[in-house]
Amino acid sequence: MRRLLAALGEPQRRYPAIHVVGTNGKGSTTLMTAALLRAEGLRVGATISPHVLGWPERIQVDGVHADLEAALARVRPHAQRVGATQFEVVTAAAFAEFAAQAVDVAVVEAGLGGRHDATNVLDAGIVVLTNIARDHTEVLGETREEIAAEKLAVVAPGATVVLGEPEWEELARENGAASVETMSRSNLALSVAAAEAFLGRRVDPKPAEDLHLPGRLERRGDQPLEIWDGAHNIAGVGYLLPRLPDRRFTIVASILRDKNVDAILRALAAIGETFVATSSSNPRALPAHELARLAKPHYAQVEAVEDPRAAVERARTVAGPDGAVLVTGSLYLLADLSDG
């Protein structure tokens, strides 16, 4: 990644950055922080992953999706020479696009962890740690403490760190933080704190409150009620469930095989007896039939429908016009459903 950025002229050095790390809520926090700064008159770049609406969603300037092909064309020859991965290419394309668009600040969501992530080239003045849960343990470590250490490794000396959980303050300071602010675990509160830390003044939270976030408690229909949410681990499901309407749901889900699948299935069973297992284009996604087999101990009715769109249609039929459907388990599933 550093070789690629050097070949591009170090575009990430041409603007300050806010770096968002954590287990859940990174994308929402990134987009809300960008919206707050944009409302204050700044030109703002934002990059998130994965996407829901399509690949151009990953690179945004002032809330507008980039011309992805043009952004990729800018970096592709250099990327091929250094053997960059897909994520490195898209991240470098975002950094170069932000430089080309002369942004005042970039808000950057980390991909996986922090220490070895492609985004850990920013030396950001503001770092946001949303929360820590046990996820990607095969890469980041088995304990929350080990995972937090990997994520907070992005902190540069002198940075301000905004925490969603107070227990990581000492670790943030050990990594060089000059200032640590602890907020509630609310993504909105973290976004406001990050924007205010960057600007050095208070901001109106309304632009973030009004922001439409695809795939985050997103209401997609009324007959039946249909909600899409990309909760993809047990912590994300734990956040989702108490925020849903008090209904019994027909659940459509795809889950990646490296997650705590049984815990997710068990938790989702609290809101519905019918489960439609499906899959996504992510190679780590469980096949529908395998997910259905794992779901059977927890649900009265389980079906397997490999095609995501057909799975949602089946859930709508089962629920009926007066019922409710929840589509969840993976942002990759929601992206497949949104594509085209």
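The values are calculated or read from the model by the stated rules, or taken from the named source; none is laboratory data. Note that the structure is predicted; figures quoted are calculated from it, not measured. All Cβ positions, even for glycine, are placed from backbone atoms using ideal geometry, and neighbour counts span all protein chains on display. These accessible areas exclude ligands, DNA and RNA; they are computed on the full protein's heavy atoms, side chains included. Shrake-Rupley method; radii C 1.70, N 1.55, O 1.52, S 1.80 Å.
If you take every DSSP beta bridge whose two residues both sit in the chain, what share of them, in percent to the nearest 5, is antiparallel?
20 percent
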Worksheet, complete the sentence: Under the Karplus relation with 6.51, -1.76 and 1.60 and θ = phi - 60°, whole-Hz ³J(HN,Hα) for the stretch 183-199, x at Gly and Pro, equal 10, 5, 6, 5, 4, 5, 4, 5, 5, 4, 4, 5, 5, 5, 5, 5, 7
Worksheet, complete the sentence: Bridge orientation stat for the stretch 118-235 from DSSP, antiparallel percent rounded to 5, came to 35 percent
Practice prompt. Treating only the Cβ atoms of Lys and Arg (+1) and Asp and Glu (-1) as charged, compute the dipole magnitude of the chain about its Cα centre; round to the nearest 20 debye.
Written response: 320 debye
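Rounded to a whole number, what % of the accessible area of the stretch 69-120 do carbon and sulfur atoms account for, probe 1.4 Å?
With neighbouring chains kept in place, the figure for the stretch 69-120 is 48 percent.
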Discussion item. I need the phi-derived Karplus couplings for the stretch 201-217: 6.51 cos²θ - 1.76 cosθ + 1.60, θ = phi - 60°, integer Hz, Gly and Pro marked x.
Written reply: 7, 6, 10, 7, x, 4, x, 6, 4, 8, 6, 7, 10, x, x, 10, 6
Discussion item. Run through the stretch 179-280 and list the trypsin sites (Lys or Arg not before Pro) located in a DSSP loop whose Cβ has at most 14 other Cβ atoms within 10 Å.
Written reply: Arg201, Arg202, Arg248, Arg257
Worksheet item: What list of ³J(HN,Hα) couplings, whole Hz, do you get for the stretch 260-265 from phi and the Karplus terms 6.51, -1.76, 1.60, once you set θ to phi - 60° and write x for glycine and proline?
Response: 7, 4, 4, 5, 5, 4
Discussion item. Just to be sure I understand: of the beta bridges DSSP finds with both ends in the stretch 1-108, what percent are antiparallel, rounded to 5?
Written reply: 40 percent
Item to complete: Estimate the FRET efficiency between Ala156 and Lys206 by the formula 1/(1 + (r/R0)^6), using the beta-carbon distance for r and 45 Å for R0, to the nearest 0.05.
Response: 0.90
Item to complete: Using only Cα atoms, locate the centre of the stretch 301-340 and the centre of the stretch 143-176, then give the distance between them in Å, rounded to an integer.
Response: 38 Å
Item to complete: Please give the per residue accessible area of the chain, computed with a probe of 1.4 Å over protein heavy atoms only, in Å².
Response: 41 Å²
Worksheet item: Between the stretch 15-86 and the stretch 244-274, what is the C-alpha centre distance in whole Å?
Response: 30 Å
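Could you pull out the GluC sites (Glu not before Pro) across the stretch 271-305 that fall in loop regions by DSSP (anything but H, G, I, E, B) with no more than 14 other Cβ atoms inside 10 Å?
Glu273
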Fill in: Long-range amide H partners of Val107 with built H, under 5 Å
Ile18, Gly45, Ala46, Thr47
Discussion item. Students often forget the sequence filter, so: which lysines lie under 22 Å Cα-Cα from Lys151 once same-chain residues fewer than 8 apart are removed?
Written reply: Lys26, Lys259
